[in-house]
1. For the chain, which chymotrypsin sites (Phe, Trp or Tyr not before Pro) are both in a DSSP coil and crowded by at most 10 other Cβ atoms within 10 Å?
2. Relative to the first principal axis of the alpha-carbon coordinates of the chain, what is the inclination of helix 2-21, with its axis defined by its Cα atoms, in degrees from 0 to 90 and to the nearest 10?
3. Testing the spin-label approximation: label points 7 Å from Cα along Cα→Cβ at Glu16 and Lys50. State their distance in nm.
4. Rounded to the nearest percent, how much of the accessible area of the chain (1.4 Å probe, protein heavy atoms only) is carbon and sulfur?
5. Tell me, what is the per residue accessible area of the chain in Å², probe radius 1.4 Å?
6. When we measure straight from the Cα of Lys73, which lysines land under 27 angstrom away, once same-chain ones fewer than 8 places off are left out?
Amino acid sequence: PERRRLYATAFWSIKEAYLKSKTTQFHPKEIEIVRKNKDLFEIHDPVGSKVPSGIARYSIPQKGFVASEVYIK
C-alpha cells in the first residue's frame, strides 16, 4: 500500500508539473504517464500517442514530499 501511494503521488506530481509547463490547457485525464524504468517516465498527450511529448522523473527529498522534474519537447 505504501508503494502504491508513492506512485500515485509521483504520477500526480508529474502531471501537475507538466500541465504548469504547457501554455495550452489540458485536463489531467488527457495525459498519460508511462513508466519506462525505476526512475524515468514518459509523458504522452493525448493519451495513447506513440511519441512522448516529454519525460519526467521524481525524487523524495524527505518523507512526505515528492519532487518532480519534467522535460518537454
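1. Phe65
2. 40
3. According to this spin-label approximation, the distance is 3.5 nm.
4. Summing carbon and sulfur atoms, their accessible area is 56 percent of the total for the chain.
5. Using a 1.4 Å probe on heavy atoms only, each residue of the chain averages 74 Å².
6. Lys15, Lys20, Lys22, Lys29, Lys36, Lys38, Lys50
The values are calculated or read from the model by the stated rules, or taken from the named source; none is laboratory data. In this text, all values refer to a predicted model and were calculated from it rather than measured experimentally. Reconstructed Cβ throughout: ideal geometry from the backbone, glycine too, with neighbour counts over all protein chains shown. For the accessible areas, the whole protein counts, side chains as well, though only heavy atoms, and no ligand, DNA or RNA atoms are used. Shrake-Rupley method; radii C 1.70, N 1.55, O 1.52, S 1.80 Å.
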